[in-house]
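Asker: Can you keep this structure in mind? I'll have questions shortly.
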Amino acid sequence: MSFLILRVSELTRNIKTILEEQFSFVWVEGELSNVTNHSSGHCYFTLKDDFAQVRAVMFRSASRLLAFKPENGTAVVVRGRLSVYEPRGEYQIIADTMEPLGKGSLQLAFEQTKRKLAAEGLFDPTRKKALPFLPQRIAVITSPDGAALRDILKIINRRFANLIIDILPVHVQGADASAEIIAGLEAVNALPDIDVVIVTRGGGSLEDLWAFNDEGVARAIAACRFPVISAVGHETDFTLADFVADLRAPTPSAAAEMVVEKKEAFIETISSFGHRLAQSLRLCLREWKNRFELTQAGLRDPRRGLEDLRLRTDDFTERLHSVALQRLQNKRELRSRLIEKLLYVSPLTTIQQLQHNVENQKQTILLHMRWKLERCLQAMEKVVAQLDSSSPLAILKRGYSITRTWPEKEVIRDVRSIQPAQVLHIKLYRGTILCRVEETKEDDDSIQDSKFKIQD
């Protein structure tokens with residue numbers, strides 16, 4: 001009786017042939033362990049369950065097509081063929097496909113990339129840029145044939161026409177979509193004076209939106225030097241672009257509404273400031289008029305405080321003029337800032353019309369202020385004239401005089417208080433007289449005395 005004696009290599013080769021013929025394709029469920037991604041691109045791993053394990057390999061041509069990254073502990077289903085690695089005499093699975101168990105490969109890849117980018121801080125709110133107050137130039141990265149672009153243009157033109165919109169056409173799904181979106185973002189970075197960027201497309205399945213879950217697209221959005229709004233899909237759709245963008249919009253239409261406010265709101269704001277300016281000036285003038293009238297009513301004695309009244313009146317007038325001019329200057333500066341902002345977003349015709357209206361309002365206000373000041377000055381001059389007419393100096397100017405004793409300077413009101421030869425002090429409008437009494441009379445009869453003769 002003879003026995004067939006095989007060499008180890010022959011036995012291994014026979015086993016390999018039998019395995020490859022009997023198990024041309026198998027589906028195997030297990031948990032990944034010992035995952036090694038070789039520099040050649042091949043992926044080596046072990047499939048195991050609670051009772052056994054088997055080695056496996058996925059060559060570069062198959063592993064590069066995986067939507068997710070194999071990781072230790074991930075439950076998967078692998079399809080492949082059985083073979084034997086002859087140098088070690090170990091059987092293994094040559095895998096050509098791999099799917100996560102209980103979860104789609106795309107969803108798993110999404111979660112893996114999301115965790116990676118979050119760990120790097122790309123979702124951190126502190127690094128995100130704020131939207132500009134009044135954007136003048138908007139870049140839109142999307143398909144030129146999609147409904148998303150039409151919705152955005154419609155809303156922007158309705159809310160604030162004549163803004164500059166740069167459209168960068170790209171594919172938003174398919175094999176080349178990610179690369180085109182990245183190129184679009186790089187092109188935006190090279191453009192001058194872009195205020196905000198909108199990356200958008202309409203709704204679709206996870207596969208349709210997958211270009212916006214690409215790690216390269218997410219990093220390109222984070223590297224953009226302008227604020228980026230992500231408006232991908234519907235309100236319930238979330239992509240990596242939404243998380244890394246400076247602002248997420250639930251729909252393309254919502255993105256347009258976030259970027260551009262209504263033109264009517266700015267016009268109403270300008271008009272409101274004009275009304276507030278006029279009202280403030282009226283209140284200011286009324287307040288100072290009341291103060292002036294109260295000051296005027298308090299003048300009772302024309303012989304006292306005349307100079308003080310004049311100084312106070314001048315002071316009030318100067319303060320009124322200064323306060324009015326200061327408030328007017330403040331309102332002018334505020335108006336100038338608003339007009340300067342409006343210059344960046346409004347058509348030239350509209351800006352010129354607004355400037356013309358503002359100039360008319362300014363002239364009206366100045367005329368009204370001058371009229372009020374003239375009325376106040378006229379009233380003041382009238383009061384001063386009344387005071388001057390009733391002052392002692394005005395009475396003396398009409399030919400009257402004040403006679404007093406000398407040197408006591410007591411006012412003489414009765415001729416009986418005067419003695420002959422007494423020296424008197426007479427105050428005239430201009431100058432004074434010292435004289436000596438020769439004779440007095442209690443009536444109006446002329447003094448008949450031959451001693452009084454005009455000397456030649």
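Asker: Which of the residues spanning region 369-409 are without any contact (Cβ under 8 Å) to a residue 60 or more places away in the chain, in a loop (DSSP other than H, G, I, E, B) and surrounded by 11 or more Cβ atoms within 10 Å (Cβ to Cβ)?
Answerer: Across region 369-409, the qualifying residues are 400, 401, 406.
Asker: Just to be sure I understand, how many residues within region 154-168 are within 22 Å of the chain's Cα centre (by Cα) and assigned to a strand (DSSP E or B)?
Answerer: 2
Asker: Continuing with the same structure: Would it be correct to say that residue 190 is surrounded by fewer than 21 Cβ atoms within 10 Å (Cβ to Cβ), over 18 Å from residue 256 (Cβ atoms) and modelled with pLDDT under 90?
Answerer: Yes.
Asker: Starting from residues that are over 14 Å from residue 90 (Cα atoms), touching a residue at least 24 places away in the same chain (Cβ under 8 Å) and among the charged types (D, E, K, R), keep the ones in region 1-40 and report whichever is surrounded by the most Cβ atoms within 10 Å (Cβ to Cβ).
Answerer: Once the filter is applied, the top-ranked residue is 31.
Asker: Also: Give me the pairs, please: first residue somewhere in region 220-232 and closer than 15 Å to residue 172 by Cα and touching a residue at least 40 places away in the same chain (Cβ under 8 Å), second residue anywhere and among the small types (Gly, Ala, Ser) and outside any strand (DSSP E or B), beta-carbon distance under 7 Å, and either six or more positions apart or on two chains.
Answerer: Note: pairs meeting the criteria are 231/249; 231/254; 231/255.
Asker: If you don't mind, another one. Got a sec? Which helices (runs of 4 or more DSSP H) wholly within region 252-368 have at least 3 residues that are at pLDDT 85 or above, over 30 Å from residue 165 (Cβ atoms) and not assigned by TED's automatic domain parsing to the domain that holds residue 132?
Answerer: Once the helices (runs of 4 or more DSSP H) in region 252-368 are filtered for at least 3 residues that are at pLDDT 85 or above, over 30 Å from residue 165 (Cβ atoms) and not assigned by TED's automatic domain parsing to the domain that holds residue 132, what remains is 263-297, 306-343.
Asker: Would you kindly identify the strands (runs of 3 or more DSSP E) lying entirely within region 21-130 that contain at least 1 residues that are modelled with pLDDT under 85 and in contact with a helix residue (DSSP H, G or I) (Cβ under 7 Å, 6 or more places away or on another chain)?
Answerer: In region 21-130, 75-85, 90-100 are the strands (runs of 3 or more DSSP E) which contain 1 or more residues that are modelled with pLDDT under 85 and in contact with a helix residue (DSSP H, G or I) (Cβ under 7 Å, 6 or more places away or on another chain).
Asker: Restricted to region 172-193, and to residues that are over 25 Å from the mean Cα position of the chain (by Cα) and acidic (Asp, Glu), which residue is nearest to residue 143 (Cα to Cα)?
Answerer: 180
The values are calculated or read from the model by the stated rules, or taken from the named source; none is laboratory data. Quantities reported herein were computed from a predicted structural model and do not represent experimental measurements. Heads up, the Cβs are rebuilt from the backbone with ideal geometry, glycines too, and the neighbour counts pull from every protein chain shown.
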